[in-house]
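Each remark here refers to the structure printed beneath this line.
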Amino acid sequence: MKKIMIAGATSGSGKTSVTLGILAALSDSLQIQPYKIGPDYVDTKFHSRITGRQSRNIDSFLVPDVSTLKYLFERDTDSVDLGLVEGVMGLYDGLGTDKDAHSSSSIAKALDIPVVLVVNGRSASTSIAAIVKGFLEFDPAVPIVGVVVNNVMSQNHFELIKGAIERYVDVTVLGYLPFNKELSLPSRQLGLVPDNELPTVDSKIAELGKLAKAHIDLHQLLTLAGTSVDAHLPSPIVTQQVDLTLGIAKDDAFNFYYQDNLAALREAGVTLKAFSPIADKKLPEEIDALYLGGGYPEEFAAALSANTAMKQAVRDFSLAGRSIYAECGGLMYLGNRLTTDIGTFDMVGLLDGDSKMTPRLKRFGYCDATPVVDTIIGAAGTQLVGHEFHHSVFTANAGLEPVLRMQKIRDGVVADEWTGGYQVRQTFASYLHVHFYQSKAVFNGLLDRLGARAHASH
C-alpha cells in the first residue's frame with residue numbers, strides 16, 4: 001500500500017479537517033486504512049466512519065518497540081491502497097522538549113512515512129513561507145514532501161501564500177482548504193465530540209470532501225506517498241490460544257477501546273460479547289470476565305444510574321469473585337457516586353469512593369505505572385506504560401487503598417508522582433489507559449488473570 005501522513009505545523013493548524021476532507025475525497029475510489037498518532041480515541045471514530053475500516057492508533061510511548069509499531073502499521077493491509085496517518089498536536093510536539101520523544105515527526109522517520117504539512121494561512125501570507133522553511137530545516141531527516149494551507153480566505157490569498165512558499169522553500173504546495181466556520185467540528189473536554197453524537201456530521205464530512213477535491217491536488221499527493229508492504233509476520237504478543245469469553249461495555253457512555261487491543265484479544269481466541277450499561281438489564285450469558293473501557297459516563301450519568309438492574313448484575317458478578325478490568329470511565333462507573341454539573345448520581349458501588357467532574361483537566365498525558373500489589377493488570381513490580389486524560393477526580397474513602405504508583409517522566413526527569421488504581425476482590429479499575437501491545441508479558445498476564453484457560457499454542 002501507499003502511505004502518507006497529514007501533520008499539523010501546530011495543534012491549531014486544522015490538520016483534522018484536512019485529514020477528514022482527504023479521506024472523504026479519496027474513499028470513494030480507494031481502499032484506505034486510517035491511522036492516528038497518539039492515544040486519541042475520538043478522531044479514530046471519524047476516520048472509521050468515513051473509510052469503513054477501523055482506524056488504528058500508532059503510539060511509540062504506549063508501544064515502545066519499533067518493530068511492533070511497524071507490525072501494527074502493516075498488518076492486514078494486503079487489500080489497502082493507501083495508509084493515511086493523522087498526526088498529533090504539532091509535527092515536532094511530543095513528550096517534553098525532545099523532538100524525537102513520541103512526536104509525529106519521530107513516527108514518520110521510524111516508519112518511513114512521507115509527511116504533508118498543514119499550515120494555518122489565516123491572517124498571513126509570506127510569513128507562512130518562513131514557517132514552512134523552519135519546519136523543513138529543523139530536522140532534515142523528516143520526510144516533508146508537501147504542504148496544504150488551511151483557513152484560506154480566497155483564491156488570491158492562496159496564490160500569495162503559495163507564491164511565497166515556492167519562492168523561498170523547495171517543497172510542493174498541494175493546495176488549500178478555504179476558511180468555513182460552518183464546517184468546524186464541536187469539541188468537549190476530551191477533544192472532538194464523538195461522531196455518533198453529531199446529527200450533521202455526515203454532511204460536514206461530505207462538504208470537506210468536496211472542498212478537498214476542488215482545492216487539493218490529490219493525484220499529486222498520491223504521487224508523493226511512500227510504499228509499504230504487508231510483511232505477514234506473526235503477532236509479537238499473541239503467543240497462545242485461550243478459552244475466554246469477555247463481556248465488553250460498548251455504548252455511548254463506554255466506547256474508548258484501542259482497535260489493536262480488541263484485535264489481539266480476538267486473535268488469542270477470546271470471544272467478545274458486547275453489552276450496554278445504559279440500556280441492557282443483564283450481562284451477556286456465559287461470560288468469564290468483564291472489560292469496562294473509557295468514554296463519557298458523565299454525559300449519560302442519569303441513564304446509567306437509572307439502570308439499577310445492570311448495576312446489580314455488575315455488583316453480583318464481582319461479589320462472585322469474577323474478574324472485572326476497568327479503565328477511566330469504567331472506574332467512575334464502579335464507584336459509589338458520580339457528580340456532574342447537573343447533579344449527583346448513584347453508580348455501581350463496587351469501589352468505596354466517589355467521582356466528581358472538574359472544570360479543568362486533572363491528569364493529561366503519558367505516564368509510567370507500577371503495581372504495588374498483585375493486580376489484574378500486572379503483578380507487583382510490573383513496569384507498565386499508559387496515559388491518563390480526565391476531567392474528573394476519584395476520591396476513595398478510608399479503607400480503599402491505591403494499588404498503582406504513578407510517575408510522569410519528562411526529559412529524563414520525574415515531573416510528577418501520584419498514586420491511583422484500586423482492586424477489590426478480582427475487580428480492578430484505574431484512570432490508566434493501556435495498550436496491550438506494549439509487551440507480550442503484559443498481554444498474556446492479563447489474559448491469565450481474567451480467567452483464560454489455554455487450550456493450544458502457536
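The residues of segment 415-458 that are open to solvent by 70 Å² or more (accessible area, probe 1.4 Å) and not polar (S, T, N, Q), listed by number, are GLU417, ARG425, LYS440, ALA441, ASP448, ARG449, ARG453, ALA454, HIS455, HIS458. For PHE300, indicate whether it is of a type in the set (Phe, Trp, Tyr), over 25 Å from LYS356 (Cβ atoms) and in contact (Cβ under 8 Å) with a residue 12 or more places away in the chain. Judged against the criteria, PHE300 is not a match. Can you tell me which residues in segment 129-140 are surrounded by 15 or more Cβ atoms within 10 Å (Cβ to Cβ) and farther than 15 Å from GLY90 by Cβ? Matches in segment 129-140: ALA129, LYS133.
The numbered conditions (1) open to solvent by less than 30 Å² (accessible area, probe 1.4 Å); (2) under 16 Å from LEU432 (Cβ atoms); (3) assigned to a strand (DSSP E or B); (4) not aromatic (Phe, Trp, Tyr) are all true for LEU338 except (2).
Listed by position, the strands (runs of 3 or more DSSP E) inside segment 44-145 whose residues that are of a type in the set (S, T, N, Q) number at least 1 are 56-58, 115-120. Taking (1) among the charged types (D, E, K, R); (2) free of Cβ contacts under 8 Å to residues at least 12 places away in the same chain; (3) open to solvent by less than 10 Å² (accessible area, probe 1.4 Å) in turn, ASP28 satisfies each apart from (3). It is to be established whether one or more residues within segment 399-409 are open to solvent by less than 20 Å² (accessible area, probe 1.4 Å), under 21 Å from LEU290 (Cα atoms), free of Cβ contacts under 8 Å to residues at least 40 places away in the same chain and not polar (S, T, N, Q). Looking for residues that are open to solvent by less than 20 Å² (accessible area, probe 1.4 Å), under 21 Å from LEU290 (Cα atoms), free of Cβ contacts under 8 Å to residues at least 40 places away in the same chain and not polar (S, T, N, Q), one finds at least one in segment 399-409, hence yes.
All of ALA313, ALA309, ALA301, ALA289 fail the test of being out of contact with any helix residue (DSSP H, G or I) (no Cβ under 7 Å at 6 or more places or on another chain) and loosely packed, with under 14 Cβ neighbours inside 10 Å, apart from ALA309.
The values are calculated or read from the model by the stated rules, or taken from the named source; none is laboratory data. Because the structure is a prediction, the values reported are computed rather than measured. Glycine also receives a Cβ, built like all others from the backbone with ideal geometry; neighbour counts cover every protein chain displayed. Each accessible area value is taken on the protein alone, full model and side chains, heavy atoms only, with ligands, DNA and RNA left out. Shrake-Rupley method; radii C 1.70, N 1.55, O 1.52, S 1.80 Å.
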